[in-house]
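Worksheet: one structure, shown below.
The values are calculated or read from the model by the stated rules, or taken from the named source; none is laboratory data. None of the values given here were measured: they were computed from a predicted structure. Here the Cβ is made from the backbone with ideal geometry for all residues, glycine too, and neighbour counts use every protein chain on show.
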Amino acid sequence: MTQLARRKSDWGALGPAMQALPNDKWREFVYHYTRAKPRKGALVAAYRASGFGQGSTAGSQAKAAWLMSRDERTIAAIAEESKKILRVAYPEGANALINLIRDPTHKDHARALGMLMDRVFPVETRHNIEVVHKTVDPDVEAIEELRALRQLGTSREKLIELFGVAGLPRVEALEAADAAQRAGRAKVIDDVKYEDVTDEQPAPAGTQSTEDFEF
């Protein structure tokens with residue numbers, strides 16, 4: 001039976017999921033199960049190899065092994081150890097892929113080339129994100145906030161609480177000035193007179209009539 005993490009110096013070799021298991025027997029169960037060849041009865045074989053089930057029936061061992069394999073802690077540890085096995089097998093997988101690429105007659109030759117190119121020269125995707133910074137005048141913002149609060153029916157006591165005893169009159173003065181400025185611009189627009197020009201009206205002096213041009 002393989003003994004795992006019996007010494008403190010071996011503890012660091014285990015991942016956090018393996019360390020989180022209740023005891024070494026659980027860790028040995030995960031170790032044996034992840035190293036066994038896929039076959040029927042692999043769970044109970046790992047269960048027995050880790051020292052569990054001594055003196056119990058085969059049926060009880062099989063049931064206990066199945067229950068232990070469904071424990072969330074065991075599942076996490078199995079995944080952790082399986083990833084280690086895959087990482088160690090990288091050279092073997094790389095060699096198999098290269099052998100496939102070197103055989104142009106193989107039906108998956110083009111597919112293998114695509115896999116290699118995707119991993120060595122992955123497609124680069126660029127995202128262009130435009131960030132717009134807007135500078136807001138604090139006085140304009142205060143005026144808009146005051147108007148919004150008035151529309152909500154906020155009492156003057158609450159407005160004083162929000163803007164301050166001296167702050168509210170200041171914002172109100174800014175609001176009045178802004179309203180006057182808007183009213184002045186509106187009056188200028190209203191004073192502009194528009195006249196309709198018809199064909200019967202004489203053209204201004206110094207301009208040519210359309211009769212002077214030949215079409």
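For segment 36-55, give me each residue that is in contact (Cβ under 8 Å) with a residue 40 or more places away in the chain and either assigned to a helix (DSSP H, G or I) or not assigned by TED's automatic domain parsing to the domain that holds Arg70 (or both). Residue satisfying the conditions is Ala49 alone. Listed by first and then second residue, the pairs linking a residue in segment 86-102 that is closer than 14 Å to Arg119 by Cβ to a residue that is surrounded by 10 or more Cβ atoms within 10 Å (Cβ to Cβ) and among the hydrophobic types (A, V, I, L, M, F, W, C), with Cβ atoms under 8 Å apart and 6 or more places separating them unless they lie on different chains, are Leu97/Ala112; Leu97/Met115; Leu97/Leu116; Leu100/Ala112; Ile101/Ala112; Ile101/Leu113; Ile101/Leu116.
Free of Cβ contacts under 8 Å to residues at least 12 places away in the same chain and surrounded by 15 or more Cβ atoms within 10 Å (Cβ to Cβ): does that describe Ala64? Break it down into steps so the answer makes sense when it comes.
Numbers: free of Cβ contacts under 8 Å to residues at least 12 places away in the same chain: no; surrounded by 15 or more Cβ atoms within 10 Å (Cβ to Cβ): yes.
Here the answer is no, as Ala64 does not meet what is asked.
Okay, residues lined up against (1) more than 30 Å from Arg48 (Cβ to Cβ); (2) under 30 Å from the mean Cα position of the chain (by Cα); (3) not assigned by TED's automatic domain parsing to the domain that holds Glu175:
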{"site": "Ala112", "(1), (2), (3)": "yes, no, yes"}
{"site": "Val132", "(1), (2), (3)": "yes, yes, yes"}
{"site": "Leu149", "(1), (2), (3)": "yes, no, no"}
{"site": "Ser155", "(1), (2), (3)": "yes, no, no"}
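Does Val30 count as in a helix (DSSP H, G or I), touching a residue at least 40 places away in the same chain (Cβ under 8 Å) and either of a type in the set (A, V, I, L, M) or surrounded by fewer than 18 Cβ atoms within 10 Å (Cβ to Cβ) (or both)? Considered against the rule, which asks whether it is in a helix (DSSP H, G or I), touching a residue at least 40 places away in the same chain (Cβ under 8 Å) and either of a type in the set (A, V, I, L, M) or surrounded by fewer than 18 Cβ atoms within 10 Å (Cβ to Cβ) (or both), Val30 comes out as yes. Residue check: is His106 surrounded by 11 or more Cβ atoms within 10 Å (Cβ to Cβ) and in a loop (DSSP other than H, G, I, E, B)? Yes: the conditions hold for His106.
Please verify whether segment 122-139 includes one or more residues that are charged (D, E, K, R), on the phi < 0 side of the Ramachandran plot and surrounded by 11 or more Cβ atoms within 10 Å (Cβ to Cβ).
Within segment 122-139, the first condition is being charged (D, E, K, R), and the residues that meet it are 124, 126, 130, 134, 137, 139.
Keeping just the survivors that are on the phi < 0 side of the Ramachandran plot gives 124, 126, 130, 134, 137, 139.
Filter again for surrounded by 11 or more Cβ atoms within 10 Å (Cβ to Cβ), leaving 139.
Within segment 122-139 (the criterion being charged (D, E, K, R), on the phi < 0 side of the Ramachandran plot and surrounded by 11 or more Cβ atoms within 10 Å (Cβ to Cβ)), the answer is yes, since at least one residue qualifies.
Right, Glu161: at pLDDT 55 or above, in a helix (DSSP H, G or I) and touching a Lys or Arg at 6+ places or on another chain (Cβ under 8 Å) or not? Walk me through how you get there before you give the answer.
Working: at pLDDT 55 or above: yes; in a helix (DSSP H, G or I): yes; touching a Lys or Arg at 6+ places or on another chain (Cβ under 8 Å): no.
Answer is no for this residue.
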